[in-house]
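A short worksheet on the structure shown next.
The values are calculated or read from the model by the stated rules, or taken from the named source; none is laboratory data. Bear in mind that the values here come from a model prediction, so they are computed numbers and not experimental data. Cβ: placed from backbone, ideal geometry, glycine included. Neighbour counts: every protein chain shown. These area figures cover heavy atoms from the full protein model, side chains too; ligands, DNA and RNA do not enter into them. Shrake-Rupley method; radii C 1.70, N 1.55, O 1.52, S 1.80 Å.
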Amino acid sequence: MPEIKLEHINKRWGKFYAVDDLSMTIRDNAFVTLLGPSGCGKTTTLRMIAGLETPTSGKITIGDKVVFDSSMGINIPANKRKVGFLFQNYALWPNMTVYQNISFGLTNIKEEMPKIDFEAKTNSDLVRILKTPDEVRKVVEECRDKNDKIDEKRAVLKLIDAFTISQYTAKTLFSYHIEKGFDTKSKIADLEAKIKESKEKNNLDSEFRYLDKGKVVTENRKMNKEEIDLAVRRVSRIVKIGMFMDRYPAELSGGQQQRVAIARTLAPEPSVLFMDEPLSNLDAKLRLEMRYELQRLHVETGSTFVYVTHDQMEAMTLASEICLINNGVLQQYQPPLEVYKKPANLFVADFVGNPSINFIDGVGGQNDDGSVSLDILNGYKAKFIPSNSLDLGKWRKERDEFEGKKLLELKAKSKEKGYVEKGNKDEVFKYHIQKVVEEDDSLSEDPVITDRDFVLGVRPECLVVDENGKLEGEIYGAMPTGMESTIKVRIGDYLLTGVIFGDLAIRIGSKVRLNINSDRIMLFDRKSGKIIATGSLEIS
Ligand code: ATP
C-alpha cells in the first residue's frame, strides 16, 4: 500500500490560488480528512492527487511512482493511478441491478494478471466444501419454505456466504445436493483426479497459477466471471448489501444506494480511496451509522483513505490525521486530538470544536517566573502559567525570523519567470469575541496591535461552574440536551460558552461563579495569530 507525497503543489486560476504551496505526506493506511471552510481548496487538492485536475506546479508521488511533476512534464492520467473515487453525487446506473452496478467496472479492467486455471481452482473449492457434507446440508436445509420445498435462490445466497464462494460454485454445490443418489465420496475422488490432471498438464502452483521455470506466468487479460463474482460478493459482504443484489437503485433507500456506491468503488480493490463528502446526502442518523461503516471499511480494506469534508465532527471522528486548509494554505496536519488540544493558530482553534472555543483578549507581559500576566474581561487580572518553560522574547524572535524568511522567499519567487501574485491574500484570522451587544467591526478603526496583545483560547469544557470561582456572571442562555447543557454566561459585556455535564436545572438570569479550570488553556499571539503555549490560568 502506498504513501502519497505532495511537494510544493500549487493550483492557480488567474490570480486566484486555490491551493498554495501545499506539501504533505499521507502515510500508508492513513485516514486523512481534508477539512476547511467552503472554497478553501479541499476538493481541488483531492482532485489533483487523483489525477482529475492538473496542478499548476509541484510534484505528486503515489508509492514509488511519480504521477505528476511539473518540472519533468509528468502527468499520469487518473485511470492509471490505481485509485478509487466516491463523490457526493455517486449516481448509480438506474437501469442496472445492484450486482451489475458493482460488477460493471470490473468487466472493463484489463491488465497484467496471473494466468490461472479456473476450472482446477473451482474443483478444489468444491472438494474442500464437499469434505464437510454436514455443513452443506445444514445450510441448504435451513432454506425450506412452508411447503417443505427448498428455496433455491436463498440456499445459493447462503452457500455463497457460508463458504465464501462465487455464485457459480454455489449453484454447482446446490445441484449436487438435490441430485438423487449423489455420492459425495466418488465425486470428491472424481474432482481430485481432475485437479491432479490439470496440475500435471499445466504446471500449477498451490493457488492454481501457471508456472514457468518456477515463476508465475502473467497475461494481459480481463477478469473472468468467477473472479468478478468473488469480488462483488466480497465487497457486498463488507457493506452488507448481499440481499439486494437483484434490485434496481430505485428500489433502495438513500443509505442502501450509498452502500452500493461504496461497494462499487471498493470492488477493484483500490489501494487509495478518495472520498468527497460522500455522506452529505444522508440524514443525520444514517450519516452517523455510515461513519462507523467507513471506519470499519478502513480497517478491513487496509487502504489509504483521503476524505474531504467541511463537517468538523466528521473530520474529527473519522481521521487518523486532519489536514486543515484555509485560503489554499495548509494550517495544520496532525491527529485530531492534537489539533483540538494544540491548534497551530486562531483559525484552527476556531474551526475545530463544537461548541466553538471562547476567545478572550488579554493585554500584558511575561513575568520573571515565566508566567504571563494579563488584563482580561474588563477588570479581571489573570496569570497564564505555561505547561512548559516559555521564553517569550525568544519565541517572538523566531516568529519574526520566520516571517522575514517567508517574505524573502516570496520576493525571490516573484522574480521567477511566469510568477503571478496571489490575488486572494492571506490574512491573520479575524477571530470573534462574543459580546452581549455586538459591534460592527467595519466601522471601528483597525487597532494598533503590539507584542503586549494576546488572545486566550478557552474550550467550553474548561469553563467550570464553581461557587468559589473568581469570575462572576449571569446565565444568559442554556441549551440542555439531556446528557449535557451548553450554557452562555454573561460577564460584563462579554459572553462565554461553557458545557456542563449532567441534567442540572439552569435558570436564565441566575447568578453563577465560574472558574477556568484546565491545563489546556491556549495562549495566542495576537499579531501573528499563532499559538505561543498551552497552560493553566489563575484569575484574581
Ligand atoms: P467546498 O467545501 O465548497 O466544496 P472546497 O474547499 O472543496 O469547497 P474547491 O472546490 O477546492 O473548494 O475550490 C477552491 C476554490 O477554487 C474555490 O474558491 C473555487 O471557486 C475555485 N475554483 C474551483 N474550480 C475552479 C475553476 N475551474 N476555475 C476557477 N476557479 C475555480
TODO: Looking only at the stretch 304-316, count how many residues are more than 16 Å from the ligand (Cβ to nearest atom) and not in a strand (DSSP E or B).
DONE: 1
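With MET223, MET275 as the choices, which residue is of a type in the set (A, V, I, L, M) and within 16 Å of the ligand (Cβ to nearest atom)?
Criteria check complete, one pass: MET275.
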Open item on the list: Can you find a residue that is open to solvent by 10 Å² or more (accessible area, probe 1.4 Å), free of Cβ contacts under 8 Å to residues at least 24 places away in the same chain and of a type in the set (A, V, I, L, M, F, W, C) anywhere in the stretch 275-284?
Closed with: yes
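Yes/no per residue for (1) surrounded by fewer than 12 Cβ atoms within 10 Å (Cβ to Cβ); (2) modelled with pLDDT of 90 or more; (3) closer than 24 Å to ASN358 by Cβ:
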| site | (1), (2), (3) |
| --- | --- |
| GLY423 | yes, no, no |
| VAL428 | no, no, yes |
| PHE454 | no, yes, yes |
| LEU463 | no, yes, yes |
| GLU472 | no, yes, yes |
Open item on the list: Filter the stretch 178-219 down to the residues that are closer than 30 Å to ASP148 by Cβ and not in a helix (DSSP H, G or I) and list them by number.
Closed with: GLU179, LYS180, GLY181, PHE182, ASP183
TODO: Can you confirm whether the stretch 22-33 contains a residue that is part of a strand (DSSP E or B), hydrophobic (A, V, I, L, M, F, W, C) and open to solvent by 40 Å² or more (accessible area, probe 1.4 Å)?
DONE: no
Task: Residues satisfying the stated conditions in the stretch 110-147, i.e. part of a loop (DSSP other than H, G, I, E, B) and either open to solvent by 40 Å² or more (accessible area, probe 1.4 Å) or aromatic (Phe, Trp, Tyr) (or both) - done: LYS115, LYS131, THR132, GLU142, ASP145, LYS146, ASN147
- [ ] Would you check which residues across the stretch 317-339 are open to solvent by 40 Å² or more (accessible area, probe 1.4 Å) and more than 15 Å from the ligand (Cβ to nearest atom) and list them?
- [x] THR317, TYR333, GLN334, PRO335, LEU337, GLU338
Open item on the list: Restricting to the stretch 340-354, count the residues that are among the β-branched types (Val, Ile, Thr) and open to solvent by 10 Å² or more (accessible area, probe 1.4 Å).
Closed with: 0
Open item on the list: Exactly one of these conditions fails for VAL299: (1) part of a helix (DSSP H, G or I); (2) over 14 Å from the mean Cα position of the chain (by Cα); (3) surrounded by fewer than 18 Cβ atoms within 10 Å (Cβ to Cβ); (4) not polar (S, T, N, Q). Give me its number.
Closed with: (2)
Task: Selection count where residues are surrounded by 13 or more Cβ atoms within 10 Å (Cβ to Cβ), among the acidic types (Asp, Glu) and in a loop (DSSP other than H, G, I, E, B), scope the stretch 148-170 - done: 1
Task: Criterion: hydrophobic (A, V, I, L, M, F, W, C) and modelled with pLDDT of 90 or more - qualifying residue of VAL98, VAL83 - done: VAL98
- [ ] Please work out which residue is least open to solvent (accessible area, probe 1.4 Å), limiting yourself to the stretch 476-510 and to residues that are of a type in the set (D, E, K, R) and modelled with pLDDT of 90 or more.
- [x] LYS488
Open item on the list: Please determine whether any residue of the stretch 36-55 is away from the ligand (no atom under 14 Å from the Cβ), closer than 27 Å to HIS298 by Cα and modelled with pLDDT under 95.
Closed with: yes
Open item on the list: Only one of SER103, SER70 is buried (at least 20 other Cβ atoms within 10 Å of the Cβ) and more than 16 Å from the ligand (Cβ to nearest atom). Can you tell me which?
Closed with: SER103
Open item on the list: Please go through the stretch 13-35 and give me each residue that is within 14 Å of the ligand (Cβ to nearest atom) and of a type in the set (A, V, I, L, M, F, W, C), ordered by number.
Closed with: TRP13, PHE16, ALA18, VAL19, LEU22, LEU34, LEU35
Open item on the list: Please pick out the residue among ILE516, ILE500, ILE521, ILE449 that is among the aliphatic types (A, V, I, L, M), closer than 28 Å to ASP391 by Cβ and under 30 Å from the mean Cα position of the chain (by Cα).
Closed with: ILE521
Task: Matching entry among LYS240, LYS196 (being among the basic types (Lys, Arg) and at pLDDT below 85) - done: LYS240
Task: Search result, residues across the stretch 225-249 that are of a type in the set (A, V, I, L, M, F, W, C), open to solvent by 20 Å² or more (accessible area, probe 1.4 Å) and over 22 Å from ARG287 (Cβ atoms) - done: LEU230, MET243
Open item on the list: more than 24 Å from LYS110 (Cα to Cα) and assigned to a helix (DSSP H, G or I): is that true of MET275 in this structure?
Closed with: no
Open item on the list: The conditions are (1) within 16 Å of the ligand (Cβ to nearest atom); (2) at pLDDT 90 or above; (3) more than 20 Å from TYR340 (Cβ to Cβ), and SER280 fails exactly one of them. Which is it?
Closed with: (2)
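Can you say whether ASN89 is open to solvent by 10 Å² or more (accessible area, probe 1.4 Å) and at negative phi, as far as the supplied structure shows?
yes
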Task: Residue among ASN10, ASN79 that is more than 16 Å from the ligand (Cβ to nearest atom) and either part of a strand (DSSP E or B) or of a type outside the set (Lys, Arg) (or both) - done: ASN79
